[in-house]
1. Which of the helices (runs of 4 or more DSSP H) found entirely inside the range B:69-177 contain at least 2 residues meeting this: within 12 Å of chain A (Cβ to nearest Cβ)?
2. Would you confirm, using the coordinates I've provided, whether B:Glu181 is on the phi < 0 side of the Ramachandran plot and of a type in the set (Asp, Glu)?
3. Would you tally the residues in the range A:176-208 being in a loop (DSSP other than H, G, I, E, B) and of a type outside the set (A, V, I, L, M)?
4. Could you grab me the full set of residues in the range A:92-104 that are buried (at least 19 other Cβ atoms within 10 Å of the Cβ) and not in a loop (DSSP other than H, G, I, E, B)?
5. Filtering the range A:234-277 down to residues that are of a type in the set (Gly, Ala, Ser) and on the phi < 0 side of the Ramachandran plot, which residue is modelled with the highest pLDDT?
6. Is one or more of the residues making up the range A:81-96 among the hydroxyl-bearing types (Ser, Thr, Tyr) and either away from chain B (no Cβ under 14 Å) or touching a Phe, Trp or Tyr at 6+ places or on another chain (Cβ under 6 Å) (or both)?
7. Condition first: β-branched (Val, Ile, Thr) and either within 12 Å of chain A (Cβ to nearest Cβ) or under 16 Å from the mean Cα position of the chain (by Cα) (or both). Now tell me which residues in the range B:1-43 satisfy that.
8. Taking interchain pairs and intrachain pairs at least six residues apart, which have beta carbon atoms under 9 angstrom, with the first residue in the range B:44-62 and facing chain A (nearest Cβ under 8 Å) and the second crowded, with 22+ Cβ neighbours inside 10 Å and hydroxyl-bearing (Ser, Thr, Tyr)?
Amino acid sequence: MIPTLLSHSWKKLRRSVSFTKELATSIFLSFFALMVVGYSLALGFALDSIITKGLKQEDSFQFLNSLLIYYFGFEFMMRYFMQNLPVLDVQPYLHLPMKRSRIVHYLLIKSLAHVLNSSVFLLFAPFALTVVAQRFGAAAGWSWLISLCLISLCVHYIVLIFKKGLDDTLLGFLALVGTLGLLAASDYYGWFSLSELTAPLFFSTVHNSYLLIGVSFLFGSLYFLNFQFFLKSMYPDELVVHKTTTWGKNQDWTFLQSFGSIGEWINLEVKLILRNKRPRTILFLSAFFLLYGLIFYTRDAFTEKMPGFLLFVGIFITGIFMINYGQFLFSWQGSHFDFTLTRPISIRQFVESKYWMLSAVTVICFLLSIPYVYFGWKIIFIHAAMTLFNLGVNIFVILNMAMWEPKKIDLQKGATLNYQGIGAAQWVMSIPILLGPYLFYLPFSFSGHPDLGILAVAAAGLIGIALRPFLLKLTTRRLQERRYTIASGFRKD
Amino acid sequence: MISIQALKKSYKGTPVVDVDQLYIGQNESFGLVGNNGAGKTTLFRMILDLIRPTEGTVEINGKNVQGNDEWKHYVGSYLDENFLISYLTPNEYFKFVGKLHNYSDADLKEFLEKFEELFHGEITGKNKYISDLSKGNLKKVGIAAAFIGNPQLVILDEPFENLDPTSQIRLKQFLEREQKERSLTYLISSHDLNHVTEICKRIVILEKGKVIRDLKGSDNLLMELEEYFKA
């Protein structure tokens with residue numbers, strides 16, 4: 001029975017719209033997977049020389065053992081964000097004559113098919129089979145490696161229970177990260193050393209198999225614990241945590257009403273963003289991205305030697321929300337696009353509501369980025385130019401590109417590793433957005449006037465802003481023509 | 001067949017279903033009617049152990065359904081699209097459910113022949129995924145799958161909804177024919193008083209989760225129902 005269910009999940013993957021229809025996405029995903037595997041393996045092979053030569057540690061095995069505890073801590077965090085038990089997938093099986101226990105086993109076994117579960121093997125297998133095996137014998141190498149793999153799988157099942165038990169709250173996670181950070185800090189400052197405590201434990205696997213046995217036992221018990229836990233809660237309404245988001249619940253941006261029906265639609269969109277998980281994540285991410293500049297502006301290498309690169313940073317800081325949210329501009333409201341088309345709002349007003357919403361956020365991002373003036377006036381100068389370019393040019397690129405076969409988006413799903421709604425348009429879109437400014441900048445920069453180049457970018461933005469009525473009209477006309485195709489695309493799942 | 005004892009489900013303190021005692025006998029055709037939000041689907045879900053009751057129990061053939069897998073062998077059901085596996089074709093889905101009931105390919109073929117009329121050539125043999133079917137056709141797939149495995153009890157939520165008039169009539173004939181041929185208990189909810197009274201000999205009216213009428217075997221069920229809903 002379990003193999004049949006596994007074949008179903010394979011069919012689900014293979015037949016999903018994004019897999020069959022979106023070549024670009026599948027290519028990207030396979031490329032991504034290959035990259036992860038490649039990098040892990042490469043790092044694994046280089047591990048010994050990195051530690052002995054790069055970090056100047058004498059005993060690479062000892063050193064690695066002392067770091068392992070933090071590796072698993074890090075793995076826990078990665079898993080926390082990337083891992084989920086897809087409990088809803090079993091809904092169609094619950095009423096059929098199938099043992100519940102089998103369904104739970106299936107879920108738990110299927111959850112093992114995750115990229116993260118291979119990383120520990122890829123990372124440490126080369127090291128185990130070369131360095132450890134040479135020093136302590138092949139058996140010791142395997143014993144060490146298998147122990148690590150089992151610990152990683154234990155972490156896997158701990159995360160599943162942890163996330164469910166804590167109802168996936170950020171608070172629980174932050175508490176955990178805090179504890180781990182505190183331990184790392186105390187290790188670093190020498191108050192209390194967790195790594196000193198655990199390093200011999202990992203080392204002992206070479207001589208005896210106590211740890212291996214212990215970990216195997218732990219793995220078994222964790223599987224059993226998960227099994228019991230999910231067996232008892234195999235109810236669809238209990239499995240999905242219906243979190244009642246308080247975000248934006250009582251907010252009504254009444255001042256928007258003074259802008260007429262455009263304001264009403266912006267108001268609707270603000271509610272959409274605040275009340276749903278995925279767009280909300282994008283909003284938070286944008287706030288986070290405001291700090292992006294700290295990576296670059298603090299280093300002279302970027303500010304002095306590569307001024308052209310700062311255009312990039314400027315585009316991102318002022319336009320990250322516009323780009324990230326805007327790439328799915330119509331997809332967000334995909335589930336009620338028919339509604340939109342049948343309500344008394346003209347296409348022009350609809351387009352304008354999007355335009356003003358994106359513009360407003362971009363201006364807000366610019367205003368929030370003003371403290372970067374600390375790193376020099378030039379940075380604000382670049383930010384201002386990029387804001388103008390975003391407002392005058394990029395916004396129209398996004399408005400128009402987002403009309404290219406948009407797909408419906410499930411708003412409640414999380415944003416991490418969620419490829420729903422991504423199509424060819426999203427890949428192509430980034431090219432003009434990121435390279436556009438250079439079209440105006442490079443000619444001046446090459447002729448030795450980089451400042452004039454930045455002015456040219458700003459001028460291009462200003463021209464776009466001046467042409468706004470005309471560009472909006474063009475955009476409206478395009479949406480007018482494309483709306484049937486878009487609407488029928490949204491009606492498909 | 002089904003015995004419900006002090007069954008209660010509340011969400012955040014508000015009771016959605018509150019049934020004191022209800023017994024549905026073998027070979028009975030039981031209709032459930034009630035306005036929106038009366039708790040029909042919630043009641044069905046609790047009978048099928050898809051929702052954990054706040055209080056009380058549901059027993060099928062004397063055994064509590066909760067955490068029990070046995071009843072699934074003789075209870076067929078279709079409540080909504082969550083019962084279907086959207087990325088399979090109807091044929092694959094039937095085959096999968098058939099396998100669970102130990103159907104051979106020949107058994108399944110024979111079984112599906114009964115539905116040829118209802119399917120109207122639009123479901124089997126087409127290379128279409130369930131996710132691409134229309135609402136009416138989804139319903140047909142779900143209802144047909146509920147009959148796989150010669151169930152003693154069939155639970156259907158709004159079986160006539162979304163079906164075209166021809167299909168409604170054919171489905172009605174099919175349901176009646178099945179019950180004549182063998183011992184079969186129906187548990188059907190519907191908003192269509194005409195259809196439900198034609199199939200069901202016993203009708204229970206649910207209001208705010210409570211059983212407020214239990215009408216049995218009278219000749220003018222339909223009139224009584226209409227009388228009630230008019231008020």
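The values are calculated or read from the model by the stated rules, or taken from the named source; none is laboratory data. Keep in mind the model is a prediction, meaning the values are calculated, not measured. Backbone-built Cβ (ideal geometry, glycine too); neighbour counts: all protein chains shown.
1. It comes to B:90-100, B:135-146.
2. Values: on the phi < 0 side of the Ramachandran plot: yes; of a type in the set (Asp, Glu): yes.
Yes: the conditions hold for B:Glu181.
3. Adding up the residues that qualify gives 7.
4. Selection gives A:Pro92, A:Tyr93, A:Arg100, A:Ile103, A:Val104.
5. In the first step, residues of the range A:234-277 are kept if they are of a type in the set (Gly, Ala, Ser); the result is A:248, A:258, A:260-261, A:263.
Those left that are additionally on the phi < 0 side of the Ramachandran plot: A:258, A:261, A:263.
Working: A:Ser258: 74, A:Ser261: 77, A:Gly263: 83.
If we take residues in the range A:234-277 being of a type in the set (Gly, Ala, Ser) and on the phi < 0 side of the Ramachandran plot, then A:Gly263 is modelled with the highest pLDDT.
6. No, every residue in the range A:81-96 fails to be among the hydroxyl-bearing types (Ser, Thr, Tyr) and either away from chain B (no Cβ under 14 Å) or touching a Phe, Trp or Tyr at 6+ places or on another chain (Cβ under 6 Å) (or both).
7. B:Ile2, B:Val16, B:Ile24, B:Val33, B:Thr41, B:Thr42
8. Short answer, once both residue conditions are applied: B:Leu48/B:Ser77.
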